[in-house]
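A.B. asks: Dumping the structure here so I can ask a few things about it.
The values are calculated or read from the model by the stated rules, or taken from the named source; none is laboratory data. Owing to the predicted nature of the structure, the values given are computational and were not obtained by experimental measurement. Cβ placement follows ideal geometry from the backbone for every residue including glycine, while neighbour counts extend to all protein chains displayed.
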Amino acid sequence: MASCYMRIAVTSAEYPPETGWGGMGTFTYNLAHSLCHLGHRVTVISRGSASRSESLDGSVRVIRIPWERRRFPLLRNTLNSLWYSAKVSGELIRLNREEKLDVVHIPEYRAEGFWFTLFGRSNIPVVNRFSMPFWIDWKIHSADGRERSEISCWNVDPVLMKCLERKVYRSASERISPSRGLAELIQAHEKISLDIHVIPTGVDTQRFFPRDASPLRRAYGLCGKKVILYVGRLEQRKGCHIIAQALPRVVQAFPDAILVMIGQDADTSPDGRTSMKEYINRFLRDAGLETHMIHIDRQPYHRLPEFYALGDIFCAPAIYENFANVILEAMASGLPIVTTAQGGSLEAVEDGKNGLLVPVNDAATLGSALIRLLEDDQLRKTISNSNREKSIQRFGLEQMTKGMLRVYESAIRQSAHR
């Protein structure tokens, strides 16, 4: 049945290049193109910045809904989510009238499928893939006073958001999680049993592979340096400030060590007063290490592979990630990895085999792990080779896409028997 032609709609707040700023956009791009490559018809509904538009990205049809975050005085996240969800529902209903959809793929993220699952789905099979539930994100950022006051009114906003997201995934025909850890976390907060398929995120191993970084290293003055690479938004949840806190220990052992951070700045620093980039710059300046960090702004997806080649070590010290695309991209690029023992990292990285795992929010242990890899050339080489092989065998796009299709087919069968 996997070879049967399907008409598939995928909703995602992020889709490159216009709004492809994170892991959700990368996942949606890879999934949509992989499905089209197998002969399916795929339409992506995503956010845009201007008027409604339609375009073709290769064989993928892309519909963009104009999006501007409204400054509601109360319940800002709930009301913005309901507004955007109504727009998504309207597009899905119109699209189904136009071409009779076989399945709709909707994330729980900020409940963008709420109105469609409540009123618009008719008998269309809906598959939910968990991304980053709002209540997890809110819990991580709740220590930031500015963030907390912005998103909550006596904590009602996150409670309502949790209810909206729950409606989306409880109403789905099938549910998918990128990691066992996230599936177990969702189950632990549910009063009913949910069947959740675990399908790891895939990486394009033909796009990401080990390559020569000499030209780019020369361009950034990194020849002869020990480069610790971070890729991702500069935000608190991703733990990028922990690398900065670990850097003094690393530089003491390796004076030629330098931290390269690639990603968009965000207003989620630990002190709640500055952007993360400003927070890190101030910390390193106070430590006399401002020359040991280079920030490169977020790069287009097609250019990212050459930037991974800059690193000797890839560092991803997240507080929580369900399954980070950047870890898979670093693995496919043949980089040794130091990451935190949380979320999907525990399922991608085996401590001592294809990377090193450290506790969350532990700058001292993180620094020691980075030093260990910088000291041991053979260990770095062994881990690099293991990562490339593992990315191909376990985390290729083909494995992910076939898994998704099996779940789509199950959802269609369930719908046919209703």
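A.B. asks: On the given criteria, is Leu357 of a type in the set (A, V, I, L, M) and closer than 18 Å to Gln252 by Cα? Reasoning before the result, please.
C.D. replies: Values: of a type in the set (A, V, I, L, M): yes; closer than 18 Å to Gln252 by Cα: no.
Answer is no for this residue.
A.B. asks: Let me ask something else. Which ones in the range 364-389 are under 20 Å from Pro305 (Cβ atoms) and surrounded by 19 or more Cβ atoms within 10 Å (Cβ to Cβ)?
C.D. replies: Scanning the range 364-389 gives Ile383, Ser384, Asn387, Arg388.
A.B. asks: Next question, about the same structure. Grab the helices (runs of 4 or more DSSP H) fully contained in the range 363-418, keeping just those with 2 or more residues being of a type in the set (Val, Ile, Thr) and closer than 18 Å to Tyr230 by Cα.
C.D. replies: 363-375
A.B. asks: Answer yes or no: is there a residue in the range 274-294 that is surrounded by 15 or more Cβ atoms within 10 Å (Cβ to Cβ), touching a residue at least 60 places away in the same chain (Cβ under 8 Å) and under 25 Å from Ala213 (Cα atoms).
C.D. replies: Yes, the range 274-294 contains at least one residue that is surrounded by 15 or more Cβ atoms within 10 Å (Cβ to Cβ), touching a residue at least 60 places away in the same chain (Cβ under 8 Å) and under 25 Å from Ala213 (Cα atoms).
A.B. asks: Determine if the range 350-369 includes at least one residue that is touching a Cys at 6+ places or on another chain (Cβ under 8 Å), in the same structural domain as Pro248 (by TED's automatic domain parsing) and either aromatic (Phe, Trp, Tyr) or at negative phi (or both).
C.D. replies: The answer is yes, given that some residue of the range 350-369 is touching a Cys at 6+ places or on another chain (Cβ under 8 Å), in the same structural domain as Pro248 (by TED's automatic domain parsing) and either aromatic (Phe, Trp, Tyr) or at negative phi (or both).
A.B. asks: For the range 183-216, enumerate the residues that are touching a strand residue (DSSP E or B) at 6+ places or on another chain (Cβ under 8 Å) and either surrounded by 16 or more Cβ atoms within 10 Å (Cβ to Cβ) or in contact (Cβ under 8 Å) with a residue 40 or more places away in the chain (or both).
C.D. replies: Correct list: Ala183, Ile186, Ile196, His197, Val198, Ile199, Gly202, Val203, Thr205.
A.B. asks: Where residues in the range 57-87 are within 23 Å of Thr117 (Cβ to Cβ) and of a type in the set (Gly, Ala, Ser), which of them is surrounded by the fewest Cβ atoms within 10 Å (Cβ to Cβ)?
C.D. replies: The selected residue is Ala86.
A.B. asks: Restricting the range 301-343 to residues that are in contact with a Ser or Thr (Cβ under 8 Å, 6 or more places away or on another chain) and part of a helix (DSSP H, G or I), which is surrounded by the fewest Cβ atoms within 10 Å (Cβ to Cβ)?
C.D. replies: So, considering only residues that are in contact with a Ser or Thr (Cβ under 8 Å, 6 or more places away or on another chain) and part of a helix (DSSP H, G or I), the one surrounded by the fewest Cβ atoms within 10 Å (Cβ to Cβ) is Tyr301.
A.B. asks: If you go through the range 132-145 one residue at a time, do you hit one that is touching a helix residue (DSSP H, G or I) at 6+ places or on another chain (Cβ under 6 Å), aromatic (Phe, Trp, Tyr) and either surrounded by 20 or more Cβ atoms within 10 Å (Cβ to Cβ) or at pLDDT 85 or above (or both)?
C.D. replies: yes
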